[in-house]
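Written below as structure tokens is the structure these notes are about.
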Amino acid sequence: MAEHKKPAKPKAEKATKTPKAEEPPPTVEVKEEAAQPTPTPEAAAPVAAEVKPAKKPAKPSKPETAEAPRENLSLDADDVEKPKIVKAKGAKNVHSGIAHVYATFNNTIVTITDLNGNVIGWSSAGKVGFKGSRKSTAYAAQLVAQDASRQAMGHGLKEVQVLVKGPGAGRESAVRALQAVGLDLTLIRDVTPVPHNGCRPPKQRRV
């Protein structure tokens, strides 16, 4: 018996009948992209501003530490600070007086009196705030003279006679400070006691 062969279908028909529906045509994608409007830079700016977080407030800067005032070691009349003169409660209206400067190797004491010897102002290196070996320096003597003269000028003191006693380093600086403060120096005298071989001196110091 003769076998009946099925007619073979052409391959072109198969290709046309079973197109792949899963793959979208490329023209559609291009149209979709073209359909979306491109954002303008003006419209993009507020969006970017919304996304960015607000800047944190700047931290307050730490206050700068004040530098400690340097010591004024010059003895010129222009550089010495003039003290604030406050009129004393029981002002004695003393216009002229005597400034006793006692300068030793360890301390400097300035006492200002009236012409009769009544004290109207005094100061020392320890009272001003110096300790130890700094009490015998020339700078300490300068501050001592300023402090004592401030007290005396509160009673109306304007001119003084200066009596210097002792061999310390604060002799000259105390006298210059008295002049720089504004007092008129009418007399400067050295009254250091000098022995005329009366007493036996102490034995020699061994260092």
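State which residue is surrounded by the fewest Cβ atoms within 10 Å (Cβ to Cβ) when the search covers only the stretch 112-146 and only residues that are in a strand (DSSP E or B) and more than 34 Å from the chain's Cα centre (by Cα). Among them, the one singled out is Val119.
Checking each residue of the stretch 166-187 against the condition of being under 13 Å from Ile109 (Cα atoms), among the aliphatic types (A, V, I, L, M) and in a strand (DSSP E or B) gives no match. Restricting attention to the stretch 147-165, the residues being charged (D, E, K, R) and either at positive phi or open to solvent by less than 40 Å² (accessible area, probe 1.4 Å) (or both) number 1.
The values are calculated or read from the model by the stated rules, or taken from the named source; none is laboratory data. Keep in mind it's a predicted model, so treat the numbers as computed, not measured. A quick note on method: Cβ atoms are made from the backbone with ideal geometry, for glycine too, and the neighbour counts reach across all protein chains shown. Only protein heavy atoms, including side chains, enter the accessible area calculation; ligands, DNA and RNA are left aside. Shrake-Rupley method; radii C 1.70, N 1.55, O 1.52, S 1.80 Å.
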